[in-house]
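S.K.: Next up is a structure, given as structure tokens.
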Amino acid sequence: MVYLKPLLKLENLSPGMFFFCFTFNGERPAAMTPMDYKYSLLTAAPSDDYGQGPVLLLHTDASPGGLFGVLEVRRGDVAAWHRSALGFLNRLKVCSFMCFLTVTFLVTASYMLLADRKGLLLTPPPYRFGSPVSPASPASPVSPVSPASPASPVSPASPAALDFNLSASRDLAHVRLVVKSIVARVAFQSSRRLPERKALVSSEPHMFSVIPRKFLPGLKNPCWYEEYTGNITSDPYGNNKYEFSKRFRTLLKFLRNSFREHLFHWDGKLYRTRCLPYFYIIGQPKCGTTDLYDRLKMHPDVRFGISKEPHWWTRKRFGIVRLKDGVHDRFPVEDYLDLFDLSAFQIQDQLSANASRARDLPYPERHIIIGEASASTMWDNKAWTYYSDNSTTEEPPYLNQDFIHALQPDARLIVIFRDPVERLYSDYLYFGGTNKSAEDFHEKVSESLQLFDGCVAMTTIRSCVYNSTLNNGMPIRMPVGLYVVFLLDWLTIFHRDQLLVLRLEDHALNRKYTMKRVFDFLHLGPLTEQQEAEITQSPASNTRKEANRNLGPMLASTRDLLQDFYKPFNQKLAQVLHNNSFLWDGP
């Protein structure tokens, strides 16, 4: 005879969560007549005495008891058997319940980790993957995915299968069709809707309350006098949220010691000199911005802030230090201005010196200017999804350049580009972590192309470029190389003569020529031959590390895919700049 013992009370169970224990007594129980048992509905209250209560049985036939029933059996003297089995049943009950919880946790965790890897926990994806293109029929056209019918994602090959899958002609043909699908949808908007100043002020009221609309006359750099209301004996940089290295802490110590002597009295109040950068090196990453920054620092008229890349316009003002860490307290604009205090002190000292000179001396002999070199300023607008009330299916309502222009309409902007194929590989080698290889890069390129194709099938190229979810989900920063999309947006608000666009390839071949272009663009004073030689002949900065050089070039098939992908964007860039060297199709 098989006995069924309930492990949990029925009222504590949800549908589908029933645990039964099948046991054998070893002896045949006393004979029972048909009247010794009866059916009752599941809603009947079960006995709290699990030693003497009824044995539960699922009943699934069409009897009047319904789908679920309780078989109530009248027992003889089976208490002794129950006591001997009670310890075993309790242990089995606990083990079964713990196993259920463990399996549930593992399944839930697997879904969460998968979603987090793609960045989907931050914002809902405003796109679907494109339908897999069958490599067996390369001649068939690729049709956009219908919004009403979700398409299944294309799963990239695992790293262990790279040599056999991604490099195989069948899979390569598939990715080539994905590239053709993207290129067929490439279109460029002629303009965008510019936000009004009052909308910008409303979104950043504190920033606009700190920075005035007009700056001090007679200065080349944008500076102003700000009333100082803090305690004169306290540390003026004690609450600054920027993390400074040991070298920068030395500068902060100097700033603290000289801060009070640079305060001046006027009309019974204390004032300090504040300055914004005169020019910005706005991009792009892995295109030589560090080398350009290091050479510009050597010019006697140029100063930079304490930090080379404050990333304030793109990240810190929203409280984002690293995207993976989420949003923290915002960095106020005062923290950003603190970075330029050393230069502000020097400009203030220069003003005082010139004020004491005779009228017949030139005023001033040198105009100090301040620069800032965050290579994210041109392209990184990911933070807009954190502060905008709009849906992530739309494009950013405001861009970095909108705020810079509203505060500094005369700002000078320097951009340096590089062949986007080489830029992407260099970016991968620099940020790719461990286990880098040409094969792994090929896999990440293939995955990113398929993600991008899924997005452009649903919306515009520009929307995909600014899509935070898509960018966070890509294993490599492929959209950063779509230079013309960003440049067109900057040109909607800044004049063309306010942007100097360089190529890294030209800079590497002739630094003297490119640096002269930069100095002329910034209207810097003349240099001696020795100063010019020191600036132009110093070794290149931030070059590729030896370990990364040993990995060799990317695969030829990877290069072909990326060249086809970037080609229409390079063509538009060359058209906008009236310079065919930005096609990057020559030797």
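Derivation of every value follows stated rules applied to the coordinates shown; laboratory data play no part. Quick caveat: nothing in here was measured; it's all calculated off a predicted structure. Every residue, glycine as well, gets a Cβ built from its backbone with ideal geometry; the counts of neighbours run over all protein chains shown.
S.K.: Stokes-Einstein at 25 °C, 0.890 mPa s, Kirkwood radius from Cα pairs: D for the stretch 500-557 in µm² s⁻¹?
M.R.: 177
S.K.: Sort the following peptides by mean Cβ neighbour count (other Cβ atoms within 10 Å, averaged over residues), highest first: 265-273, 454-462.
M.R.: Averaged packing, sorted descending, gives the order 454-462, 265-273.
S.K.: What FRET efficiency do you get for Arg322 and Thr459 if R0 is 30 Å and r is their Cβ-Cβ distance, rounded to the nearest 0.05?
M.R.: It comes out at approximately 0.60.
S.K.: Rounded, prolate or oblate for the stretch 412-507? Axes are the square roots of the Cα gyration tensor eigenvalues, ordered a ≥ b ≥ c, and the cut-off for rounded is a/c under 1.5.
M.R.: oblate
S.K.: With r as the distance between the Cβ atoms of Asp520 and Leu251 and R0 = 51 Å, compute the FRET efficiency 1/(1 + (r/R0)^6) and round to 0.05.
M.R.: Calculated value: 0.95.
S.K.: To continue, here is another question. If each residue of separation counts as 0.36 nm, what is the full-extension length gain between His206 and Val186 once their alpha-carbon separation is subtracted?
M.R.: Full extension of this stretch gives 3.3 nm more.
S.K.: Given points 7 Å out from each Cα along the Cα-Cβ axis, report the Asn510 to Glu439 separation in nanometres with one decimal.
M.R.: 4.4
S.K.: With label points built 7 Å along Cα→Cβ from the Cα atoms of Ser258 and Asp560, find their separation and express it in nm.
M.R.: 6.0
S.K.: Listed here are the pairs Lys316/Lys436; Lys516/Lys567; Lys220/Lys308; Lys214/Lys241; Lys253/Lys316; which of them are more than 25 Å apart at the Cα?
M.R.: From the list (Lys316/Lys436; Lys516/Lys567; Lys220/Lys308; Lys214/Lys241; Lys253/Lys316), the Cα-Cα distance tops 25 Å for Lys316/Lys436; Lys516/Lys567; Lys214/Lys241.
S.K.: If each residue of separation counts as 0.36 nm, what is the full-extension length gain between Lys297 and Glu243 once their alpha-carbon separation is subtracted?
M.R.: 17.3 nm
S.K.: What does the charge add up to near Ser376, with Lys and Arg as +1, Asp and Glu as -1, over the other residues with Cβ less than 13 Å from its Cβ?
M.R.: Around Ser376, the surrounding residues sum to +4.
S.K.: Take each of the peptides 432-444, 469-481, average the number of other beta-carbon atoms within 10 Å over its residues, and list them starting from the highest.
M.R.: Output ranking for 432-444, 469-481: 469-481, 432-444.
S.K.: How far is it, in nm, from the label point at Leu194 to the one at Ser352 when both lie 7 Å from their Cα along the line to the Cβ?
M.R.: With each label placed 7 Å out from Cα toward Cβ, I get 4.1 nm.
S.K.: Grab the other residues whose beta carbon is less than 14 angstrom from that of Arg249, score K and R as +1, D and E as -1, and report the net.
M.R.: After counting each charged neighbour, the total is +1.
S.K.: Working out 0.36 nm times the residue gap between Met98 and Leu583, then minus their Cα-Cα distance, what length gain in nm do you get to one decimal?
M.R.: So the extension gain works out to 168.4 nm.
S.K.: How would the stretch 214-283 be classified by its alpha-carbon gyration tensor: rounded, prolate or oblate, with rounded meaning a/c under 1.5 and the a/b versus b/c comparison settling the rest?
M.R.: Verdict is oblate for the stretch 214-283.
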